[in-house]
Amino acid sequence: MSAAARELGEGRERLLEVRGLTIGWGSKVLQTDLTFSVDRGEVFAILGRSGAGKSTLLRFLVGLEEPTAGHVEIAGHGPVDLTAGLPPFGVMFQAGALFGSMTVGENVGLALDEWTDLPPVATAAIARTKLALVGLEGAFDKLPSELSGGMIKRAAIARALALDPELVFLDEPSAGLDPITAREIDGLIRALNEGLGLTCVVVTHELESVFAVADRCIVLGDHGGGIVAEGDPRELRESTDPRVREFFNRRPRS
Amino acid sequence: MTTVAAPHAGAGSSDRAEPATFTIERSPGAVRLSGTFRTTEAARAWQELHAAVASAGSGELVLDLSDVKRMDGGVIALVVAARAELATQGVTARIVSTPEHLRPLFELYRGMERPAERVRRPSLGGLETVGDAALRWASELRDAVHFFSAVAAAFVRVVRRPRSAHLKELPWLVERAGFDALPIVVLISLLVGFVMGYQSARQLERFGANVYVADLVGISITRELAPLMTAIIVVGRSGAGFAAEIGTMKVSDEIDALRVMGLQPIARLVIPRLVALALVLPVLALVSDVVGIAGGLFVAVVSLDVTAHAYLLETRRALVGWDVWQGLIKSAPFGVTIALIACQQGFAASGGAESVGRRTTTTVVSCLFTLVLLDAAFTFTLRMLGK
């Protein structure tokens, strides 16, 4: 087992390790030297204000962008290479990114179709179960355009879980939803984490979500300020660091 | 007249029917604004404000708002902008006596602060504009070459391992690009054959060479017009469609969603489209050959006193298999070209709807240009082959 997946104290095992990562495009650098890790079985939140680079960081974590500096390692497999086979994780994009020309069931079943030799009837059965897991039993034959915002996010989570990854990345899972649906999504993430032992990396700026779901979090500072805090969000709320207080107290610094 | 007392009166929250009556008076060292200022009347306010502050010279100017009853946000923005404009001319304009109910809005519009210095984006000179365009062009070219090499690599993989091809979509793509295009291809080919026959009829009639309309129509349709016309129709229908479809997938993260599932978007989206157009275009060109010749036949029979039998005999005599083959040989690369350009432009979309629209337009223009170039190259090469 590599260093990234080594056993830590108290039975903890590192699943995602990020070292000295620089994120940005071309000459536009958003953050530099980001170093953190996510343990197996935890819900880890990446926080920060709009424009701090949270979603960009997620793109680097899942291998959609190639780091110019630094290193991302998942489950000890070395740098993520999306062309090298089935990635060991699922991703839920901010707007869902469901394929508009396919039904919800086909969206969820796509990866199963591609990566297994299951007959269509078995793929459909698994897709239905995954949809039921997120409370969308009736949406199997619907097109994404027929779903509400909350349903699209749920369907996208179901699609991310299609091949039972041990890690899922969720980009703003509860943003833009009404408070009740947002809390339902939070409950779903917690249930998936507790029920399936799923490790979740959640990008969010919703404080209620953070307190509801996250075991640990990092806060990205503005203007390339790097990681300004790391730890249990409930403890970080009491931090004396003005940059952290500003975020957790929802108040801009005067 | 109603007195507006609400703190956000300027935002237009209350009585919309209140008429916009205002005056802007100039006195030495001061401009006095009074009355009710509405955004709907902002153009007049802007003009009068400009006229009033135009002769400010230098030094200090007071903008006195004590008699302002009401001022919409848009007009406040103009007052603040006029003050900033004056600052660039060396005039310090102070906004004074702002009525209490307007102060929050002025605060919001930064009217109470010192005017911010304007940062003007340096305009590019002629040389820089050319350089900038060249750099962008080079970057586009690099991306396109990168894309085409990725397609070539995917194609090689498919040839080596045909099972890796995602050809499930192929029948649907062939139907959409080919079968659905038949009515328009038939109609246009018929009309082009008809028009060609008709235009040449009068010239040929003068020499008593009526029957040679069959040669003219037959050769020009099969060698040039059928492949080119069908390609142009396919650019407008399928090329633009592919670019818009893939572009929308790109800007809505669907391409990235495929990638994070470990699926290869090029093998999945580009190869089937490329194969579909390469298959469909020669068939459409063949249909266009037949229908175009039928259009010429119609003209010959109706206006040139040539019998259908004679026309067909002459067509058969004039046309050799190579004429038809020339057209069909060209059509497959035309299809590949259209699919490549359309998919490349779709993948290059970024941002939002504007980019998808721009990429779709570029697809059509680039395809037409490239097709004509390719056609010229083919005509030359095939001629050199000695036929």
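The values are calculated or read from the model by the stated rules, or taken from the named source; none is laboratory data. All values reported here derive from a predicted model rather than from experimental measurement. Methodologically, a virtual Cβ is constructed for each residue, glycine included, from the backbone with ideal geometry; neighbour enumeration extends over all protein chains shown. For accessibility, only protein heavy atoms count, side chains too; no ligands or nucleic acids. Shrake-Rupley method; radii C 1.70, N 1.55, O 1.52, S 1.80 Å.
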Could you please find all residues in the range A:112-133 being under 22 Å from B:Val260 (Cβ atoms) and part of a helix (DSSP H, G or I)?
A:Leu112, A:Asp113, A:Glu114, A:Trp115, A:Thr123, A:Ile126, A:Ala127, A:Thr129, A:Lys130, A:Leu131, A:Leu133
I'm told A:Val104 meets every condition in (1) closer than 30 Å to A:Ala75 by Cα; (2) more than 11 Å from chain B (Cβ to nearest Cβ); (3) free of Cβ contacts under 8 Å to residues at least 12 places away in the same chain except one. Can you identify the failing condition by its number?
(3)
The range B:328-385, residues that are free of Cβ contacts under 8 Å to residues at least 60 places away in the same chain, among the hydrophobic types (A, V, I, L, M, F, W, C) and surrounded by 14 or more Cβ atoms within 10 Å (Cβ to Cβ)
B:Ile329, B:Ala332, B:Leu374, B:Phe378, B:Leu382
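Just one of B:Val283, B:Val287, B:Val302, B:Val306 is at pLDDT below 95, of a type in the set (Val, Ile, Thr), assigned by TED's automatic domain parsing to the domain that holds B:Ala177 and part of a helix (DSSP H, G or I); which is it? Give the derivation first.
Numbers: B:Val283 fails: at pLDDT below 95; B:Val287 fails: at pLDDT below 95; B:Val306 fails: part of a helix (DSSP H, G or I).
It is B:Val302.
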With respect to B:Gly346, is the statement that it is part of a helix (DSSP H, G or I) and of a type in the set (Gly, Ala, Ser) true?
yes
When the range B:208-230 is examined, which residues are found to be surrounded by fewer than 19 Cβ atoms within 10 Å (Cβ to Cβ), aliphatic (A, V, I, L, M) and over 18 Å from B:Asp305 (Cα atoms)?
B:Ile219
Among (1) open to solvent by less than 10 Å² (accessible area, probe 1.4 Å); (2) within 14 Å of chain A (Cβ to nearest Cβ), the one test that B:Asp253 misses:
(1)
Tally time: how many residues in the range A:133-147 are under 22 Å from the mean Cα position of the chain (by Cα) and at pLDDT 90 or above?
2
Name the single residue, out of those in the range A:66-91 being more than 14 Å from chain B (Cβ to nearest Cβ) and on the phi < 0 side of the Ramachandran plot, that is nearest to the chain's Cα centre (by Cα).
A:Glu73
Count of residues meeting criterion [in a loop (DSSP other than H, G, I, E, B) and not charged (D, E, K, R)] in the range A:44-71
11
Right, B:Ala349: farther than 19 Å from B:Val234 by Cα, at pLDDT 90 or above and not hydroxyl-bearing (Ser, Thr, Tyr) or not?
yes
Which one of A:Lys142, A:Lys153, A:Lys130 is of a type in the set (D, E, K, R) and in contact (Cβ under 8 Å) with a residue 60 or more places away in the chain?
A:Lys153
Scan the range A:94-106 and give yes if some residue there is over 18 Å from A:Arg159 (Cα atoms) and open to solvent by less than 70 Å² (accessible area, probe 1.4 Å), otherwise no.
no
For the range A:71-115, enumerate the residues that are more than 27 Å from A:Val38 (Cβ to Cβ) and of a type in the set (Ser, Thr, Tyr).
A:Ser101, A:Thr103
Residue satisfying condition, being outside the structural domain of B:Thr363 (by TED's automatic domain parsing) and without any contact (Cβ under 8 Å) to a residue 40 or more places away in the chain, within set B:Val145, B:Val130, B:Val156
B:Val130
Could you count how many residues in the range B:22-51 are over 19 Å from B:Asp72 (Cβ atoms) and part of a helix (DSSP H, G or I)?
1
Is it fair to say B:Pro265 is closer than 30 Å to B:Gly357 by Cβ, within 11 Å of chain A (Cβ to nearest Cβ) and modelled with pLDDT under 95?
yes
Single match in A:Arg14, A:Arg40 (criterion: surrounded by 16 or more Cβ atoms within 10 Å (Cβ to Cβ), in contact (Cβ under 8 Å) with a residue 60 or more places away in the chain and charged (D, E, K, R)):
A:Arg40
Would you confirm whether or not the range B:231-241 contains a residue that is out of contact with any strand residue (DSSP E or B) (no Cβ under 7 Å at 6 or more places or on another chain), among the charged types (D, E, K, R) and more than 12 Å from chain A (Cβ to nearest Cβ)?
yes
Would you point out the residue of the range A:134-149, among those that are touching a Gly at 6+ places or on another chain (Cβ under 9 Å) and not in a loop (DSSP other than H, G, I, E, B), that is farthest from A:Arg40 (Cα to Cα)?
A:Ser145
Have a look at B:Ala201, B:Ala214, B:Ala181 and point out the one that is closer than 25 Å to B:Gly321 by Cβ, in contact (Cβ under 8 Å) with a residue 40 or more places away in the chain and either outside any helix (DSSP H, G or I) or not β-branched (Val, Ile, Thr) (or both).
B:Ala214
Considering only the range B:321-330, I want to know if a residue exists there that is of a type outside the set (Lys, Arg), closer than 30 Å to B:Ala153 by Cβ and modelled with pLDDT under 95.
yes
Test: A:Leu167 is at pLDDT 90 or above, among the hydrophobic types (A, V, I, L, M, F, W, C) and surrounded by 20 or more Cβ atoms within 10 Å (Cβ to Cβ)
yes
Meets criteria (at pLDDT 95 or above and either in contact with a Cys (Cβ under 8 Å, 6 or more places away or on another chain) or among the β-branched types (Val, Ile, Thr) (or both)) for B:Ile341:
yes
Take the conditions open to solvent by 10 Å² or more (accessible area, probe 1.4 Å), within 12 Å of chain B (Cβ to nearest Cβ) and of a type in the set (A, V, I, L, M) and apply them to A:Ala162. Does it pass?
no
B:Val234 vs. criteria buried (at least 19 other Cβ atoms within 10 Å of the Cβ), closer than 30 Å to A:Met102 by Cβ and either modelled with pLDDT under 95 or in the same structural domain as B:Ala177 (by TED's automatic domain parsing) (or both)
yes
